[in-house]
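Report on the following structure.
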Amino acid sequence: MKLTYKEMDYTFNEIEPKWQEYWKKNKTYKVVEDKSKSKFYVLDMFPYPSGAGLHVGHPLGYIASDIYSRYKRLNGFNVLHPMGYDAFGLPAEQYAIQTGQHPAKTTDINIKRYREQLDKIGFSFDWSREVRTCEPQYYKWTQWAFVKMFNSWFNIDAQKAEPIEKLLLEFEKNGNTKVNAAHSETTEFSASQWNALSEKDKEEILLNYRLAYLADVMVNWCPALGTVLANDEVKEGLSVRGGHPVEQRKMRQWCLRISAYAKRLLDDLERLEWTDSLKEIQRNWIGRSEGAEMLFKLKDSESEILVFTTRPDTIYGATFMVLAPESELVDSLTTPEYRSAIEGYIADTKKRTERERMSEAKKVTGQFTGSYAINPFTNNPIPIWISEYVLAGYGTGAIMAVPAHDSRDLLFAKTFGLPIVQTVIRPGETPSDPSTWSESYDSKEGIVINSDIINGLDVKSAISTINNFVEEKGIGKKKINYRLRDAIFSRQRYWGEPFPIYYKDGIPYPLEDKQLPLELPEVDAYLPTEKGEPPLGRATNWQTSEGYPYEMSTMPGFAGSSAYYLRYMDPTNSEALVSKEANEYWENVDLYIGGTEHATGHLIYSRFWNKFLYDLGYVCKDEPFKKLINQGMIQGRSNFVYRVKGTNKYVSLNLRKDYDITEIHVDVNIVDNDILDTAKFKTWRPEFADAEFILEDGKYICGWAVEKMSKSMWNVVSPDDIVNRYGADTLRLYEMFLGPLEQSKPWDTNGIDGVFKFLRRLWRLFHDNNNSFAVSNEAATPQELKTLHKTIKKLTEDIEKFSFNTGVSAFMICVNELTEQKCNKRAILEPLTVLIAPYAPHIAEELWSLLGHSTTVCDAQWPVFDGKFVVDSTFTCPVSFNGKTRFMIDIPLNLPKEEVEKMVLENENTAKYLEGKPLKKIIVVPNKIVNVVV
RNA sequence: GCGGAUAUGGCGUAAUUGGUAGCCGCGCCAGACUUAGGAUCUGGUGCCGUAAGGCGUGGGGGUUCGAGUCCCUUUAUCCGCACCA
């Protein structure tokens, strides 16, 4: 659709820039703490400013949150709706490596472009609160929080973080034997042992307790990127960014003891208004499993092996034991005759990457160590094996294998000919020979057999009986394990937050608060040094004034985004991350909208970060995001042309069957409603200049497919193009009209004309045939009032439940009805203008000012629904026979059932559908339906 | 393999939560205005059928006076996790 200027009565291209300028000049969206009003905090996941700019998928969530923010403001709330940039990141650094340009420079350019694009869509962001994670005055507080974590430990009994000083006092008084602290592997020591240690040794031990700590950990090392990646930055053995191979390597890294918070992160999910699926993803990620740890004595030895099991009830069926190949016990367990076999097996597993292991997941491998443990209940010796299927990092790295009741154990037992003993049976069944089973019986339903002291019990009571028994005998205890692992927090990269850490005698010390921020130094190249140190190793004088070297790694991407929502509350405060006053006013985020791709990364890290700050009393709420909505992804909708093979002829979609053709992606920006602009096609690329077309009905119709929105598919649509062509209000309405917010959908401009037409019809309600503003002050008719109030009700409900697509449709119905009623009454159009303001703020401002207002429509009042305008005196009731609707009758509202029955039976149509058959029953649902059962 | 989500006209979708299936929009068909129309307006448009009528919410079964909605089962697609003991 192309309109000439003259024809256009609704001149969005004049209206929109005008009001954007007005908002800027009048600081319409600036918000300050105001205790006389209730607060509401609406947050979008801030974008990483990439060089490609925004495409139409990005604003989807922003539009939804903007509608909600504006709606809340119209309802009298003081709404915080900020925006900023997650500005540290790999692409800028990669670009810097290639071009030598400082990443700060390209980031700045990209941010400017993002801002222009965002401004054109008319968002109500308070830009005075903008944050950029790469700015020193912002990352000062990222570093500050890290220092706080360094200086804290986790008290398991209190389930909270506490200052490290408290732990020091405890060590001096009692050593580490009494305190219940989250820690890395460490040995026990008494108070006198502790007090005798050197400072260096004390610091080494303390690192095992700090929430931010240094440890030698197996990391995902990506040689191509020269850095370590977090688990969620690796997919199928390749880096998510760039797709480079990733290998396992042991390195000394900064870690965050997020595992200490596993219980709280899991339990507190209950209180959040997040979708069940998202909570489920987090639950899976945290991975709680309830079980018991049990000690198995070795045969012919004094040592013991600790195993973790979730099925202590099956202990009588434990016929062998399996250790992870990496387990430290393996060496001492291996008997001379098996040593070479064990060493061979371990060497094999080490050689294979995680990726290879995964692709051969079904293959069963293992090796006998030569040693035996004693099953503490049967007292039978059981062989100890090692196998890849036991993970060193989970539980104790050792399992008691119960082949009858665990599928992997069964497979293993069958492969290596180990004994299988059934100990659980389905109620009512008789035991069978488990060596003939094709599947193990893993279910937690059943009755225990072959198990001495627990025979005849159901699984649940058998578990607690065994647990009590082992605890009494001191050979085990109940234990809850979590899958969640500590976050590795070092990156061997330039473009990130420097650690506020220096080393004295090889021991890390944090900087004082007043020394923060520790600014990112200049370097001559953004690459590792010759010695293999991170890029910061190139900086001159990367040391304290006393000459102690600074840490050379930088923080990972999630560091800066873990507390940004707090900084928005008080973005320029130089004394604190956020002042107590600002934090107590804004509290936490009421509504958070963003993509589901952050389910296990950002959304876990920031919950952890926030809980930590809460423990130390810096913030007043222990969860950052009360309600969270995941907007669906916008996929691309690609278009194709069909080239007849060996020619430069292109055949239209429905004629292509008659030809031998090649499918070619065509730029969707030269296709309209699947019809190719053949002239533009010829100028698109040189090879198409003399293209010929085989048309159908005079048109070239393109094929289409839903694919990822990407440059190579030629299906990227920029919001700028839509804004230029139809205006921002049309873009906003259309993105909402596309379907439910949470649902993924392809971007398809085919329906956008309908939304644009709707805005023009709205405009015309306020104008006469000469496009002069013409609104009457006459009283509204009952019919007009009914239309209005129906719409008020529907829209209020829809916004409250984030059903923005049905909201747009309600507007269309309303404008259609008012157009039919030829309504131009102020009493109707003025409230309507307010209703539409959250969705289409520019046209609403224009109409609002035409209606004679001198203040912004943002400060109007949301219309109040009055039921008295929508009541009917009669109801058109559907009458159905055996559930099939046959005809309608008008009946007075709230007519007693008996009279409705009478009316139906007397109706001339009834006899026809009874067909002489006897009437069985008649069901009358008041004001809903009548069903006649024949 | 485990967990989660989705499935309705040619297309995007809607359905007061167990009560008229297909609202709104696109597209399509017909007409009006017009020098013209990719503008605007009017009417039509789930499928089969000339019609009467029949059939219809991925498939099969069930509960119910009544099922897109609830239960069982099955298929397909998408997403998350993946030897977690």
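Coupling constants for the stretch A:922-934 follow from the phi torsions by the Karplus curve (6.51 cos²θ - 1.76 cosθ + 1.60, θ = phi - 60°), and in residue order they are 10, 10, 10, 9, x, 6, 10, 7, 10, 10, 9, 9, 9 Hz; glycine and proline get x.
Please rank A:Met736, A:Met400, fewest neighbouring Cβ atoms within 10 Å first, as an exposure proxy.
Numbers: A:Met736 23, A:Met400 26.
Going from sparsest to densest Cβ surroundings: A:Met736, A:Met400.
Taking a 23 Å limit on the Cα-Cα distance, which of the listed pairs A:Lys680/A:Lys711; A:Lys148/A:Lys202; A:Lys166/A:Lys479 fall beyond it? Before the final figure, lay out the partial values.
On the way: A:Lys680/A:Lys711 19 Å; A:Lys148/A:Lys202 19 Å; A:Lys166/A:Lys479 27 Å.
Those over the limit are A:Lys166/A:Lys479.
The stretch A:63-142 and the stretch A:261-310 have Cα centres separated by 38 Å.
Put simply, the amide H of A:Arg132, placed in the peptide plane, has neighbours under 5 Å in A:Tyr85, leaving out anything fewer than 5 places away on its chain. For chain A, the extents of the C-alpha atoms along the principal axes are 100, 88, 74 Å, listed from largest to smallest.
Taking 7 Å steps out from each Cα toward its Cβ at A:Asn195 and A:Glu116 produces label points 7.0 nm apart.
Just name one of A:Phe875, A:Thr275, A:Pro510: the one whose Cα is farthest towards the positive end of the charge dipole of chain A (beta-carbon charges, Lys/Arg +1, Asp/Glu -1). Ranked along the dipole, the leading option is A:Phe875. Approximating the spin labels as points 7 Å out from Cα along Cα→Cβ, the A:Ser464-to-A:Asp216 distance works out to 4.5 nm. When chain A is described by a simple charge dipole with +1 on each Lys and Arg Cβ and -1 on each Asp and Glu Cβ, the residue from A:Thr781, A:Ile425, A:Ser36 located farthest towards its positive end is A:Thr781.
Find how much the distance from A:Tyr509 to A:Glu14 grows on full extension, using 0.36 nm per residue of separation minus their present alpha carbon separation; answer in nm with one decimal.
Fully extending the segment from A:Tyr509 to A:Glu14 adds 172.3 nm.
Helix-only estimate, please: 222 nm mean residue ellipticity of chain A, summing -39500 (n - 2.57) across DSSP H runs of length 4 or more and dividing by its residues, to the nearest 500. Intermediate values should be presented prior to the final figure.
Working: 29 runs with 308 residues, N = 934.
Counting only the DSSP helices, I get -10000 deg cm²/dmol.
Oblate is the label for the stretch A:21-167, because a/c, from the alpha-carbon gyration tensor with a ≥ b ≥ c as root eigenvalues, is 1.5 or above and a/b does not exceed b/c. 3J(HN,Hα) couplings calculated from phi for the stretch A:504-521 with the Karplus curve 6.51 cos²θ - 1.76 cosθ + 1.60 (θ = phi - 60°) are, in sequence order, 10, 6, x, 9, x, 10, x, 6, 6, 3, 6, 8, 8, x, 8, 7, 5, x Hz; Gly and Pro show x.
Would you please name the GluC sites (Glu not before Pro) within the stretch A:121-213 that are DSSP coil residues with at most 15 other C-beta atoms within 10 Å of their C-beta? Before the final figure, lay out the partial values.
On the way: sites: A:Glu130, A:Glu165, A:Glu170, A:Glu172, A:Glu185, A:Glu188, A:Glu199, A:Glu203, A:Glu204; in loops: A:Glu130, A:Glu185, A:Glu188.
Hits after loop and neighbour filter: A:Glu185, A:Glu188.
If you take all other residues with their beta carbon under 12 Å from the beta carbon of A:Thr133, and give Lys and Arg +1 and Asp and Glu -1, the sum is -1. Computed extension length for A:Asp108-A:Asp267: 53.2 nm, one decimal, from 0.36 nm per residue of separation with the Cα-Cα distance subtracted.
Length gained on full extension, A:Ser438 to A:Lys912, computed as 0.36 nm times the residue gap minus the Cα-Cα distance: 164.3 nm.
With the cut-off at 1.5 for a/c, could you classify the stretch A:748-797 from its C-alpha gyration tensor as rounded, prolate or oblate?
Working: a/c = 3.55, a/b = 1.17, b/c = 3.02.
Here the stretch A:748-797 falls in the oblate category.
A Förster radius of 45 Å combined with the Cβ-Cβ distance from A:Lys350 to A:Lys645 puts the calculated FRET efficiency at roughly 0.30. Taking other residues whose beta carbon is less than 13 angstrom from the beta carbon of A:Arg252, and scoring Lys, Arg as +1 and Asp, Glu as -1, yields -2. Placing dummy labels 7 Å off each Cα toward the beta-carbon, the span from A:Lys299 to A:Lys711 is 6.6 nm. Restricting the stretch A:151-184 to trypsin sites (Lys or Arg not before Pro) that sit in a DSSP loop and have at most 12 other Cβ atoms within 10 Å of their own Cβ leaves A:Lys178. Amide H contacts under 5 Å for A:Glu742: A:Gly632, restricted to partners 5 or more places along the chain or on a different chain, H placed in the peptide plane at 1.01 Å from N.
If r is the Cβ-Cβ distance from A:Glu343 to A:Gln743 and R0 is 56 Å, what FRET efficiency results, to the nearest 0.05? Intermediate values should be presented prior to the final figure.
Values: r = 55 Å, r/R0 = 0.98.
Efficiency for this residue pair is about 0.55.
Please name whichever of A:Trp144, A:Met552, A:Gln98 sits farthest to the positive end of the charge dipole of chain A, dipole taken about the Cα centre and charges placed at Cβ: Lys and Arg +1, Asp and Glu -1. About the Cα centre, the residue reaching furthest to the positive side is A:Gln98.
Summarising the amide proton neighbourhood of A:Ile374: residues at separation of 5 or more, or on other chains, whose placed amide H is nearer than 5 Å comprise A:Lys297, A:Leu298, A:Lys299, A:Ile382. Sparsely packed loop sites in the stretch A:8-77 (the trypsin sites (Lys or Arg not before Pro) outside DSSP H, G, I, E and B with at most 11 other Cβ atoms within 10 Å) comprise A:Lys27, A:Lys30, A:Lys35.
Just check the stretch A:493-637 against the gyration tensor rule for me: Cα atoms, a ≥ b ≥ c as the square roots of the eigenvalues, rounded for a/c under 1.5, and otherwise prolate or oblate depending on whether a/b exceeds b/c.
Numbers: a/c = 2.65, a/b = 1.48, b/c = 1.79.
Since a/c reaches 1.5 but b/c is at least a/b, the shape of the stretch A:493-637 is classed as oblate.
Here the calculated FRET efficiency for A:Thr819 and A:Asn927, from their Cβ-Cβ distance with R0 = 25 Å, stands at 0.25, rounded to the nearest 0.05. For chain A, relative contact order (Cα pairs under 8 Å, six or more residues apart, normalised by length) works out to 13 percent.
Sorting A:134-141, A:784-791, A:769-776, A:295-302 by average packing, meaning the other beta carbons within 10 Å per residue, from highest down gives A:784-791, A:134-141, A:295-302, A:769-776.
Laboratory data are not the source of any read-out in this text; all were calculated from the coordinates shown. Please read these numbers as outputs of a predicted model, since none were measured by experiment. Note: ideal-geometry Cβ built from the backbone for every residue, glycine included; neighbour counts use all protein chains shown.
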